[in-house]
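S.K.: The following block contains the structure, expressed as structure tokens.
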Amino acid sequence: MTSAVPGSKMRRMQVTGSDAFRQALAPTIGAVLDLADAVSERAGQCGHQPSASSRAMEEIAAEATFAARSGGWNEPIRDTHTFGGMTLTAAADFARSFAVLIDADSTPVYGHLVVARSVLDACVVAAWLNDPKADVTERVKRGLCEQLYSAMEVVRLRLEENAPERNAAERRDYWKARAASLGWTVKVSNNKPVIDGTSRPSVPSGIAELLVGDGEARIGRTQWSYLSSVSHVTWFGLLQAITSPAPTPGLGPGLVTYGTTSSSVRAQALCVLIALRKAADARFVLMGWADDDWRATCERAQAHELALMQAYQQGNA
């Protein structure tokens, strides 16, 4: 689906075939919506309450010990579980927005890519917070990272300088004191707290881990750099939507066309599906919610992921 840019003037042209474009992508749109809705519905049904035999419930049993040692943080485990639930809710909401944008009357050129970046960002943090393999001490460190990082960001952005109540600087110092009470050191790297060696994961590495199970794989950095370049309106990112002809450095008076291709949408949808499915599965395993219905949802998503991969491979053969 394309529009035209004559010279240096941006002019969006009415394009025929948008219905056909949406129909061609309907199975992919449906797969993303099915997964996002399943994640949101499960969260709505269960809230933040783990099943009786879950790993999360075992962690809650140890909560009192950490609360007593922290000197004031009453629910360190439950708070961390809540953070994990909220980040996954955000990821599912972003994924639904991605699908709705593609299914709209006017196909986006860049908007869905900005939302795809948000999906991946949220999935990386959600998978990290909900990792069922993390031990209870690590879980508390990750929750404390989130508390401190939030307070540090509000201080950095000067959002509460004139607030009459406790301001962000006091809140930041409060969470640093909780770390000290627990016997953990606090450092700062790239504006993020590092608590006794624990910090939020690198987003590119987290994307690679979710997509291919290897945090060092190039796909993570490639995907994150491309989507970030679009969000930051960097020229090499915007250039990806220009289809014909390739513009000169000065653009000149010639006519160029730009738009969104079904293959590019499918590529991003594939990443959205894999990342959301794996982030949600981490949460549901931790909380004891990975029942037969959820497994059936995963199987449907994986079947469409396989179809998208096969179509991509055939297109590049």
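The values are calculated or read from the model by the stated rules, or taken from the named source; none is laboratory data. A quick note: this is a predicted structure, and the numbers were derived from the prediction, not measured. Cβ coordinates were reconstructed from backbone atoms using ideal geometry, including for glycine residues, and neighbour counts include every protein chain displayed. With ligands, DNA and RNA removed, areas are computed over all heavy atoms of the protein, side chains included. Shrake-Rupley method; radii C 1.70, N 1.55, O 1.52, S 1.80 Å.
S.K.: Ignoring everything except DSSP H segments at least 4 long, calculate the 222 nm mean residue ellipticity for the chain; use -39,500 (n - 2.57) per segment, divide by total residues, nearest 500.
M.R.: Counting only the DSSP helices, I get -21500 deg cm²/dmol.
S.K.: Across the range 274-317, how large is the tail of the calculated P(r) beyond 13 Å, expressed as a percent of all Cα pairs?
M.R.: 59 percent
S.K.: How many percent of all Cα-Cα pairs in the range 129-207 sit more than 14 Å apart?
M.R.: 63 percent
S.K.: Report the charge-dipole magnitude of the chain in Debye, nearest 20, computed about the Cα centre from +1 at each Lys and Arg Cβ and -1 at each Asp and Glu Cβ.
M.R.: Here the chain has a charge dipole of around 960 debye.
S.K.: Continuing with this model, one more query. Please count, across the chain, the pairs of lysine residues with Cα atoms under 15 Å apart that sit 8 or more places apart or on different chains.
M.R.: Value for the chain: 7.
S.K.: Leaving out ligands, DNA and RNA, what percent of the accessible area of the chain is carbon and sulfur, probe 1.4 Å?
M.R.: Result for the chain: 52 percent of the exposed heavy-atom area is carbon or sulfur.
S.K.: In what sequence, highest mean first, do 38-45, 203-210, 186-193 appear when ranked by Cβ atoms within 10 angstrom?
M.R.: Going by the mean number of other Cβ atoms within 10 Å, highest first, we get 203-210, 38-45, 186-193.
S.K.: Note the direction-averaged projected area, equal to a quarter of the hull surface, for the Cα convex hull of the chain, in nm².
M.R.: Quarter of the Cα hull surface area: 19.5 nm².
S.K.: Round to a whole angstrom and tell me the spacing of the C-alpha centers of the range 15-83 and the range 150-212.
M.R.: When both Cα centres are located, 22 Å separates them.
S.K.: Of the listed peptides 227-237, 264-274, 27-37, what is their order by residue-averaged count of other C-beta atoms within 10 Å, with the highest listed first?
M.R.: Packing order, densest peptide first, comes out as 264-274, 27-37, 227-237.
S.K.: Please compute the Kirkwood hydrodynamic radius over the range 59-211, one decimal place, Å, based on all pairs of different Cα atoms.
M.R.: Its Kirkwood hydrodynamic radius stands at 17.0 Å.
S.K.: Moving on. Restricted to Cα positions, what overall size does the range 58-133 have along the principal axes? Three whole-Å values, descending.
M.R.: Here the spans come out as 56, 23, 14 Å, largest first.
S.K.: Sticking with this structure for a sec: What size of dipole, in debye to the nearest 20, comes out for the range 40-83 about its Cα centre when the only charges are +1 on Lys and Arg C-beta atoms and -1 on Asp and Glu C-beta atoms?
M.R.: Computed about the Cα centre, the dipole is about 40 debye.
S.K.: What's the center-to-center distance, using Cα atoms, between the range 291-312 and the range 113-143 in Å?
M.R.: About 22 Å separates the Cα centre of the range 291-312 from the one of the range 113-143.
S.K.: Compare the peptides 284-296, 139-151, 81-93 by average per-residue count of other Cβ atoms within 10 angstrom and give them in order, highest first.
M.R.: Descending packing order for the listed peptides: 139-151, 81-93, 284-296.
S.K.: Tell me the angle of helix 168-181 to the major Cα principal axis of the chain, expressed in degrees between 0 and 90 and rounded to the nearest ten.
M.R.: The helix 168-181 is inclined about 50 degrees to the chain.
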